[in-house]
Amino acid sequence: MPRPHLGEFEEIVLLTVAVLDEGAYGIAIKDDMEERLERNVSMGAMRTALKRLEDKGYLKSKLGEPTAVRGGKRKRYYTVTHAGREALQQVMDVRKRLWQAIPYTSLDFRFI
Amino acid sequence: MKPHKNIKPPSRPLRFLRWFCDPGLLEDIEGDLLELFQRRSEDDEGKARLQFTRDVLFLFRPGIIRSLTSPFNRPTMLKNYLMVALRSARRYKGHTTLNLLSLVIGIASCLLILLWIQDELQIDKFHAKDERIFKVWRNMHQSSGEIITTQGIPEPFIKSLRNDYPEVEEATLIGWDIDLVFRKGSEVHYETGKYASPEIFSIFSFPFLTGDPDSALDDVSSIVISDRLATKYFGDAWRLHEDLIGQTLTIGSSKKDFNISGVFEHPGSKSSLEFDWIIPAQEYIQQNDWVNSWYNGGFAICFTLREGAELDPLQEKTLQLINENTNYEADERIFLNSFSDNHLHSNFENGRPAGGRIQYIKILFVIAVFILIIACINFMNLATARSSRRTREIGVRKVLGAQKRALRQQFFVESFLMSITAVVVALLLVFVALPYFSFISDKQLSLDLSNPKLWAGLGIVTLVTGTLSGFYPALLLPSFRIISSLKGDVKPPSSGIRLREGLVVFQFALSILLIVGTLVVNQQMNYILNKNLGLDKENMVFIRMSNELAGKMELYKTELLSIPEVKQVTATSGNPLSYGRSSGSAQWAGKDPDEEVEINVMSVDDDFVGTMNIEMLKGRNFDTELATDTSNYLINEVTANIMGFEDPVNHELTLWGLTGKIIGVVKNFHMSSMYEPIAPLIIRNDPSSTFMAFVRTEGDVQQGLKSIEAVTKDLNPGYPFTYEFLDRDFASAYRSEMTLSTIVKIFAIISILITCLGLFGLSSFSAEQRLKEIGIRKVYGASVIRIVTLLSWSYTKLILIALVIALPASVYVMLQWLNNFEFRTDFKVIVFVIAGAITLVIGAVTVGLKFWQAALVNPVQTLRGE
């Protein structure tokens, strides 16, 4: 079965969820991404990516306990599924192979 | 963590978010946004609010927006809804039938009325140049301040229109309906047609079957005939091979030959201009030079404006055209008006169009709306009443996790299923009923299925009835509590009952309005037809005489009187009950010569007053023995009042330059419709200008007619014998009123029927609900009668309230209608008593019947389960 395509932004979101492990919910993901990427991440973009990843089966989510901070709204925690992990692995493998295929000189810019 | 300030995010974006967001995602997203907002607002609240709004707007994107939730997205649920709807429809067969029946009848009636209205609105609109066709009217301003409007325009006016006003494209003279004798071989008949200018066929778009409309009437001895006439004189075959152009017809008493130059398709009821032949107006003008004068009006005139030209400047310029050419002897002004508007606005008041058939259209439109409302209310009431049986089902659905939204959808699916079914059945019913309705309404109606308006209309009706009837149960039922709906002890909230009662009152009020309307219209029609008209119209046959026969009047009269069935005979210059020949030239002592008074003038022989049974009020009748009486006059009461003499008898009167004495005053008799007051009249004793014979018969009318025909044919060989009964002819003038009153009657009955169907449904529902109560009452010894009266009272009460509301409203409406008539029946209290009694009795019987049935049930059966 062909694996659903994983977009670049989706990949980052998926990786962030993996990084955050147990505490991956909306704001936490957003904060972490902004910190690492050093750029603003819009709620809309992130949410859409999360939803798409869930639809593709790379993420699963469950609702946590309500907290006072959020006006009594429950957080939705995301975890990476097995398929998600495989997808990440595959992307990394592709990259790795690409890196290895680069002729040594073309990246050895120290000598330019 | 320090305590959070209780700051609220902007509410509008939040509401927007809640509206569009996928419910599965909403809670989390809203929480995230709130958390962010609180964090941000610690620095700068204003900025936080702005960012909040921005975030919400960025969230409005596919993936986050909820999918359009409708049962159609979930075919399984839809299938379930449909199945349950069908099941419950089948389970309560009686209710479903009642419910559908009233809606079907309502929609079908509404459709039929709308077809009728559509047809009325289309009349005269088929001419290609419709927008640019206008008709000329003549407003005769009387000294009394009254304005008499006529379409008879002096013939020179058309020359002026054609020559002096470049904005006029073409103009045509259109004569009155004239009966001429047509001869072809052995066929001899009177045919009705008109004299008109050649332009008539380029201004109006009467379709030609053969011949060239633009040049057909160029030759003075040409004639254009309808397809009806062509078939009558040349047989059906003319359409196939025979070329009719150039064939001749011998026409009129002078037996002149006319060449057929064209055949047009008879426009039928879609045109207010109807004729079977057209002969060039020139032919008529050559023989009647009196029309060629600014002082006489022999023709109606229609014209087309050039494209882009305005009517108003032309109206301004032609306003005084008659006066300018007659030295302002009489104040007669021109009024130009759209041709096709005239059909619906044909009554003139003060020189301007003031209503006409448009009133009927409005009345019927209101009735159509009423009926549809009544039917919709039924549907809604029955649906709500029935749906409370379904509380248990709703409870189960709720327990299994159905949301309110889903339950609502279910009720809407059900009500739409019903309304779609009803519309389809109604459409079939219309197909079946259309020929009958066409017959009743005297029209050729057809249902044009290719008309997108029809489908749009049906769509709207489906939508409205579906929404209306589904709305209340869909809103109310899902809000019941699960426990009580499962236990089955849900009491419908009293607001629902109040609403139902209110709607029933409304329905009955509308029905009562229609019943009162029907009764009053009926009464007025009877009043008109049976009113003492001032002369006796019963057993009176009239015969239009040819010139030849009129020349032998004395002989003809003697022959007629020798027939045993003939009692009296008189000859006149027209039908006295529909008379319109008038003159403004009458003079008498004391009248200002400049004063403008238009008076009808009728020529009769000596026997007129006696034969017609007209009462003499003063003076004497014409005397055959007195030769001088041929220059004397009789007048009616209205003329006597205008003259103002204490006793007009023996005063001198000059008419058309002939001076004679007034020898008597006759009682007023009606000379035109009941919409108008009686006009002044001068009666001349001049048998030589008469052309209509009136024969009073007695005994066997059929036998009498045979003898009359024999005598007439004997004296007038070569002419067909045609006759008319005076009373029938009079009644036919009120044909559109009769048709209207029949239609109103039918739909009033239908509205009452639908209302009662609804009431029957409601009462059977409430009888069912109160079975146990009835049982207990019976156990305690209540009699059946008492139970029926007790239970019926709750509905009878509603009808009484409806009566109180509807009666004043109907008085107002019907007085408005009656005011159109100059002569009208009194508004009788008995009408209300009848209307009230009818509604009350029908309503009470409907309700009582059901309760009676319920009250007869043995209490053992109803209480056994307790």
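We did not get these values from a lab; they are worked out from the coordinates using the rules stated. Nothing here was measured: the structure is a model prediction, and the numbers come from that model. All Cβ positions, glycine included, derive from the backbone under ideal geometry; neighbour counts span all protein chains shown.
How large is the Kirkwood hydrodynamic radius of the stretch B:109-251, in angstrom, based on all distinct alpha carbon pairs? Numbers along the way, then the final one.
Values: mean 1/r = 0.0538 Å⁻¹.
For the stretch B:109-251, inverting the mean 1/r across all distinct Cα pairs yields 18.6 Å.
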Can you give the net charge of the other residues whose Cβ lies under 13 Å from the Cβ of B:D257, counting K and R as +1 and D and E as -1? +2
Between 0 and 90°, nearest 10: helix B:784-818 axis offset from chain B longest Cα axis: 40
Between the helical axis of B:45-59 and the dominant principal axis of chain B, each derived from Cα atoms, what acute angle in degrees is found, rounded to the nearest 10? 70
State the Cα centre-to-centre distance between the stretch B:345-411 and the stretch B:151-174 in whole Å. 52
Please compute the contact order of the stretch B:130-343 in relative form: average sequence separation of alpha-carbon pairs under 8 Å and at least six residues apart, divided by the residue count, as a percent. 34
Length gained, B:L475-B:K317, 0.36 nm per residue minus C-alpha separation, equals 50.4 nm
Could you give the dipole magnitude of chain B about its Cα centre, charging the beta-carbon of Lys and Arg +1 and that of Asp and Glu -1, in debye to the nearest 20? 8800
Quick one: go through the stretch A:69-87 and flag any residue whose amide nitrogen is under 13 Å from the point 7 Å out along the Cα-to-Cβ line of A:K60. A:78-85
Normalising by the residue count of chain B, find the relative contact order in percent from Cα pairs under 8 Å and 6+ residues apart. 13
Helix B:452-476: angle to the longest alpha-carbon principal axis of chain B, degrees 0 to 90, nearest 10? 40
If R0 = 56 Å, then B:E45 and B:D218, at their Cβ-Cβ distance, give a FRET efficiency to the nearest 0.05 of 0.05
Quick one: of the DSSP bridges fully inside chain B, what percent are antiparallel, nearest 5? 80
Which is farthest toward the positive dipole end of the protein assembly as shown among B:T421, B:I683, B:I543, measuring Cα position about the Cα centre, with Cβ charges +1 (Lys, Arg) and -1 (Asp, Glu)? B:T421
What is the spin-label model distance, in nm, from B:N350 to B:Y675 if the labels are put 7 Å beyond Cα along the C-beta direction? 1.8
Which value does Rg/Rh take for the stretch B:130-343 over its C-alpha atoms, Rh per Kirkwood? 1.00
Measuring from label point to label point, each 7 Å out along Cα→Cβ, what is the A:T79 to B:T250 span in nm? 11.4
Which of the trypsin sites (Lys or Arg not before Pro) found in the stretch B:610-661 are in a DSSP loop and have at most 16 neighbouring Cβ atoms, other than their own, within 10 Å? B:R620
Could you give me the ³J(HN,Hα) list for the stretch B:200-207, computed from phi with Karplus coefficients 6.51, -1.76, 1.60 and θ = phi - 60°, whole Hz, x at Gly and Pro? 3, 8, 9, 6, 9, 9, 6, x
First obtain the Kirkwood hydrodynamic radius of the stretch B:541-618 from its Cα pairs, then insert it into the Stokes-Einstein equation at 10 °C and 1.306 mPa s, and state the resulting D in µm² per second as a whole number. 105
Lys/Arg +1, Asp/Glu -1 at C-beta; the stretch B:85-131 dipole; positive extreme among B:H95, B:Q118, B:A128: B:H95
Estimated FRET transfer efficiency (B:K453, B:T558; beta-carbon r; R0 56 Å; 0.05): 0.30
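By how many nm would the segment from B:F60 to B:D130 grow when fully extended, if each residue of separation counts as 0.36 nm and the alpha-carbon distance is taken off?
Gain on stretching B:F60 to B:D130: 19.8 nm.
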Expressed in nanometres to one decimal, the distance between label points 7 Å along Cα→Cβ at B:F721 and B:V829 is 5.5
Computed over the protein assembly as shown, Cα set: Rg, Dmax in Å: 42.7, 150
Provide the per-residue ³J(HN,Hα) series for the stretch B:145-158, in order, calculated from phi with Karplus coefficients 6.51, -1.76, 1.60 and θ = phi - 60°, each as a whole number of Hz, with x at glycine and proline positions. x, 6, 10, 9, 9, 9, 9, x, 10, x, 4, x, 4, 5
10 Å Cβ neighbours from other chains, averaged over peptide B:29-41: 6
Just how large is the dipole of the stretch B:279-362 about the Cα centre, in debye to the nearest 20, putting +1 at every Lys and Arg Cβ and -1 at every Asp and Glu Cβ? 380
Convex hull volume per residue for the stretch B:639-714, taking Cα atoms only, in Å³: 170
Qualifying trypsin sites (Lys or Arg not before Pro) in the stretch B:525-590, DSSP loop, other Cβ atoms within 10 Å at most 15: B:K531, B:K552, B:R581
Mind listing which trypsin sites (Lys or Arg not before Pro) in the stretch B:235-337 are in a DSSP loop and have 14 or fewer other Cβ atoms within 10 Å? B:K255, B:R306
Mean shadow area of chain B, taken as a quarter of the surface of its Cα convex hull (nm²): 55.7
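Find how much the distance from B:T231 to B:E625 grows on full extension, using 0.36 nm per residue of separation minus their present alpha carbon separation; answer in nm with one decimal.
Gain on extension, B:T231 to B:E625, equals 136.6 nm.
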How high is the FRET efficiency between B:L529 and B:V188 when r is their beta carbon distance and R₀ equals 30 Å, given to the nearest 0.05? 0.30
